[in-house]
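What follows is a set of notes on a single structure, which appears directly below.
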Ligand code: SF4
Ligand code: SF4
């Protein structure tokens, strides 16, 4: 009898305790910002184009060789609206072979790729886990808005911005020169 009461007390105590697990996949625990899901490409809203230039560094360093990329000339650079001479044209990651090591993120010099929060991308088809540029950018922009992601350094000025800066600098120098005219040389004393 006493043992039954003790057992009942333990059971009731467990029922009252706060739950620390979730019934996945019906319930999902919140994902921490530091969580490393599948890699995703980030979008430069200020330039309205991806950060990725297609430099291929991540492709070369990926230990499972599950990435491929192709760069192209950036039309926006030719028009003076972007500082990126080259831009990504196609990008593919076979997420079925990705081991989430994060090396692609570590070696990228352009703030172009991050380990997103995506982790439920299972597929029954052989190539169902191959994701292309639009999908990678969609994953990346979702990650950026969810985490308030900020780029590590500001963009370099575009050709049009460089011209404006040069114009402003020239105008400032002209104004300073007008405000401080050079002193006129004193006439030399004549010998008597
Ligand atoms: S996380 Fe690792 S395995 Fe996955 S794409 Fe990046 S470098 Fe390759
Ligand atoms: S993600 Fe970074 S390292 Fe990879 S191709 Fe783009 S710019 Fe280069």
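The values are calculated or read from the model by the stated rules, or taken from the named source; none is laboratory data. For clarity, every value in this text was computed on a predicted model and none was experimentally measured. Positions of Cβ are backbone-derived with ideal geometry, glycine not excepted, and every protein chain shown enters the neighbour counts.
Worth pointing out:
- Residue count for region 57-81, restricted to those that are within 14 Å of ligand 2 (Cβ to nearest atom) and not in a helix (DSSP H, G or I): 10
- Scan of region 82-97 for residues that are touching a strand residue (DSSP E or B) at 6+ places or on another chain (Cβ under 7 Å), within 15 Å of ligand 1 (Cβ to nearest atom) and not in a strand (DSSP E or B), ordered by number: 95
- Qualifying residue in region 74-83 (condition: within 11 Å of residue 54 (Cβ to Cβ) and at pLDDT 95 or above): yes
- Selection of region 58-86 for residues being surrounded by fewer than 16 Cβ atoms within 10 Å (Cβ to Cβ), in contact (Cβ under 8 Å) with a residue 40 or more places away in the chain and within 14 Å of residue 113 (Cα to Cα) yields only 61.
- All told, residue 109 meets the bar of being in contact (Cβ under 8 Å) with a residue 24 or more places away in the chain, within 14 Å of ligand 2 (Cβ to nearest atom) and in a loop (DSSP other than H, G, I, E, B).
- Being more than 26 Å from residue 35 (Cα to Cα) and touching a helix residue (DSSP H, G or I) at 6+ places or on another chain (Cβ under 8 Å) holds for only one residue in 113, 87, and it is 87.
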